[in-house]
1. Suppose every Lys and Arg Cβ carries +1 and every Asp and Glu Cβ carries -1, with no other charges. What dipole size does the chain come out with about its Cα centre, to the nearest 20 debye?
2. For q = 0.10, 0.12, 0.19 Å⁻¹, what log10 I(q)/I(0) does segment 269-370 give under the Debye formula with an equal point scatterer on each alpha carbon and no solvent?
3. Compute the angle between helix 104-114 and the longest alpha-carbon principal axis of the chain, please, reported from 0 to 90 degrees and rounded to the nearest 10.
4. I need the calculated FRET efficiency for the pair residue 121 and residue 221, taking r as the beta carbon distance and R₀ as 56 Å, to the nearest 0.05.
5. With +1 on the Cβ of every Lys and Arg and -1 on the Cβ of every Asp and Glu, and nothing else charged, how large is the dipole of segment 1-142 about its Cα centre, in debye rounded to the nearest 20?
6. From the phi of every residue in segment 54-70, what ³J(HN,Hα) in whole Hz does the Karplus formula 6.51 cos²θ - 1.76 cosθ + 1.60 yield, where θ is phi - 60° and glycine or proline is x?
7. With a probe of 1.4 Å, find how much accessible area segment 311-370 has per residue, and write the answer as a whole number in Å².
8. Averaged across orientations, what area in nm² does the convex hull of the alpha carbons in the chain project?
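The values are calculated or read from the model by the stated rules, or taken from the named source; none is laboratory data. This one's a predicted model, so the numbers in the text were calculated from it and none came from an experiment. Backbone-built Cβ (ideal geometry, glycine too); neighbour counts: all protein chains shown. Accessible surface areas use protein heavy atoms only, side chains included; no ligands, DNA or RNA. Shrake-Rupley method; radii C 1.70, N 1.55, O 1.52, S 1.80 Å.
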Amino acid sequence: MPSPDLETIQTMASIRLEQVSKRYPNGVRAVDDASLEIRDGEFLVLVGPSGCGKSTTLRMIAGLEEVTTGTIYIGDRLVNHVAAGQRDMAMVFQNYALYPHMTVRQNLSFGLRVRRLPRAEIRRRVNDAANLLGISPLLDRRPAELSGGQRQRVALGRALVRQPAAFLLDEPLSNLDARLRAEMRTELARLHQDLHTTTVYVTHDQVEAMTLGERIVVMHESRIQQVSTPLNIYHYPANRFVAEFIGSPPMNFVEGNVQDGKFISGNISYAVSPAASRGRRLLGFRPESLSLDASQPPLGEMIVDVIERMGHETLVYGNLDGHSIVARFGGDVTASVGRPLMLHLPASDWHVFSLDADQPRIAGGRTAAE
Ligand code: ADP
């Protein structure tokens, strides 16, 4: 008898937040006026610095926190007053929360046994999930006999076997070391490609956000700053906060004046579009946008003070007309400490921001429609 795969029996769900705010009893406004539509089957990442309201948003979707004002829909169903257990969502936390006295198999099957699923169905779902996650050989072990990565897989498996309408993941990889984190990231992406289950993923790590998210929601100080695809966020950051938060090393900023289509600061005079209105401004450019190619528009001379060679690339830190900046070049770039480097910046790669981090970006060199 053919056994249906996990992927064929998933139910799916879109999730909609309308003007959702959360004020905790102690007065902290953790989420302010969040509106967001998470599409059926989408992998959406909430990213932002610690304390910006990501977990609170996720917990309101899960039903673990009540909204103070606003509405949440799952599909067409208003769920503001629907208990967490009735929302058909599986949440995975950073700290795994496995039952220590149970084997992996028991941990995976526990929720299904509570729901009184037929025994054969439980066995099938547990075996399918274990196969998918590569933990079949570990089914008889207890959590104490597993590595961190294996435990995290079991925690994911426990969500998988429930075949929920959506997965809600709160920093699920942050207890793992860097290598394992990268490995699990790829596995999560693969899993989502197989299952297409609506997934909301919370992280403070912009690399995780960029690599996993089909769309990314950047949050800062309780508010949504931008919702878009990773590349749109990278090339068209909504404001300086987003520009600085996404990308590593972060975007460089030089303060100066915009007048008559030029950005001027000390010896720097760089042509920007007339769309950049005059006034005190920041010129933003990414480390990888800087170039030594003399056919590109000149930006200015950087005096080099640190060179970090990583093989595939070189980070060069230095001083550009009184501003500390970093440039990212190829692995074999010629540079030496104390020497000047003439930097060029392609006409498509500049941004002009107001000084206030949350104010909308004023103009940019890239003109493709968002
Ligand atoms: P993030 O997940 O982005 O780190 P959180 O949603 O956990 O942010 O927290 C947002 C803000 O709400 C923070 O200022 C935090 O201290 C506060 N907060 C979180 N949980 C509670 C709570 N249960 N009671 C009071 N304040 C809280």
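1. Using Cβ point charges on Lys, Arg, Asp and Glu, the chain gives about 1340 debye.
2. -0.30, -0.43, -0.97
3. With both axes taken from Cα atoms, the answer is about 70 degrees.
4. The formula returns an efficiency of 0.75 here.
5. 720 debye
6. 5, 5, 4, 4, 4, 5, 6, 5, 6, x, 8, 10, 7, 7, 7, 9, x
7. Heavy-atom SASA per residue in segment 311-370 reads 48 Å².
8. 22.6 nm²
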